[in-house]
Amino acid sequence: MSAAVSNTKARRANSEGSLVLRKDGRWMGRYWVTLPDGRKKQQCIISKSKTKVIERLRGEMAMADKGAPVFRDGRTTGAYLEYWLHNIDPYQVRPTTLQLHVFITRKYLIPFLGKVMLTQLRPEHVRIMLNRMEMAGCGARTMQHARNVLSAALRAALELEYVTRNVARLVKPPKYTAEERLVWTKEQAAHFFETIKDHPRYPMFLLLLCCGLRRGELLGLRWQDVDFESDIIRIRQSLRFVNNKPCTVPSKPKPVGAICPCCR
């Protein structure tokens, strides 16, 4: 038989699509969806199991009737993640956050999930990725970042109707317990400042300790942000390094800090 499929068909109502037995012994279900631009596109489901094809056919047609069709354009998860990094994420996050997302995506997500079809991505794929990351020596915090970045990417895919659910949210992130940090005593801090009192960056260290500034906030501080009359410092921006180049980003509003008397 030269035809791609046999003449054996399970005839179904027009509203339920069509079911065909292929020459290779697999079953193929077909139905039509309406794309956002109004065009019609045929979707296909192929499996050795007739029952599985029927179940998926009914499920996807039900979603299509609700306005949430699954577009089977052959896109892999890796291809979509690259698309997300270039066309979606840069317009939603800060440059430093984007830099982290690029690193996590290309270091972990694409190597572990890149070859999986986007529409076939399942929670077990995410769980296997996290398990393999743990076996490779990754810490809980890194694994959390990987799961969260994937979730952000799939949230955008959900909004674009490329997928019908965010499978990353169905996987619990690993627990992370922050290590207890040691802080200086009053005597240790006094000894440090006495030791560096002639250092050219003495005022910077003094601000860090007395006002609780982060390093980026300190480096982004300008004279216009300091009100000497009211003894107030206003944090308006932060200096970050993106791709080894300095850039300033607006800081989220935070409580104003009074200038320590020793900093005047």
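Full extension of the segment from Arg75 to Asp24, taken as 0.36 nm per residue of separation minus the current Cα-Cα distance, would add 16.0 nm.
Other residues lying with their Cβ under 11 Å from the Cβ of Cys247 contribute a combined charge of +3, Lys and Arg counting +1, Asp and Glu -1. Remark: Lys186, Lys50 ranked as Lys186, Lys50, counting other beta-carbon atoms within 10 Å and listing the fewest first. Under the simplified labelling scheme, the Phe192-Met117 pair shows an inter-label distance of 5.7 nm, with each label point 7 Å from Cα along Cα→Cβ. One chain, two ends: Met135 and Phe205. Fully extended at 0.36 nm per residue, the span grows by 21.2 nm beyond their Cα-Cα distance. Evaluating 6.51 cos²θ - 1.76 cosθ + 1.60 at θ = phi - 60° for every residue in the stretch 196-211, the Karplus couplings come out as 9, 4, 9, 6, x, 9, 3, x, 5, 5, 5, 5, 4, 7, 6, 10 Hz, glycine and proline recorded as x. Across the stretch 14-65, C-alpha contacts under 8 Å between residues 6 or more apart give a mean separation that, scaled by the residue count, equals a relative contact order of 32 percent. What the phi angles of the stretch 120-127 give under the Karplus curve with 6.51, -1.76 and 1.60, with θ = phi - 60°, is a coupling list of 9, 5, 10, x, 5, 5, 5, 5 Hz, glycine and proline written as x. Sequentially through the stretch 238-243, phi angles give Karplus couplings (6.51, -1.76, 1.60; θ = phi - 60°) of 9, 9, 10, 10, 10, 6 Hz, Gly and Pro residues having no value and appearing as x.
Amide H to amide H, with H built 1.01 Å from N, Met117 comes under 5 Å of Thr77, counting only residues 5 or more places away or on other chains.
Read-outs throughout are calculated quantities, based only on the coordinates presented, and are distinct from any laboratory measurement. Treat the numbers as computed from the prediction; the structure is a model and nothing was measured. Virtual Cβ from ideal backbone geometry, glycine too; neighbours counted across all protein chains shown.
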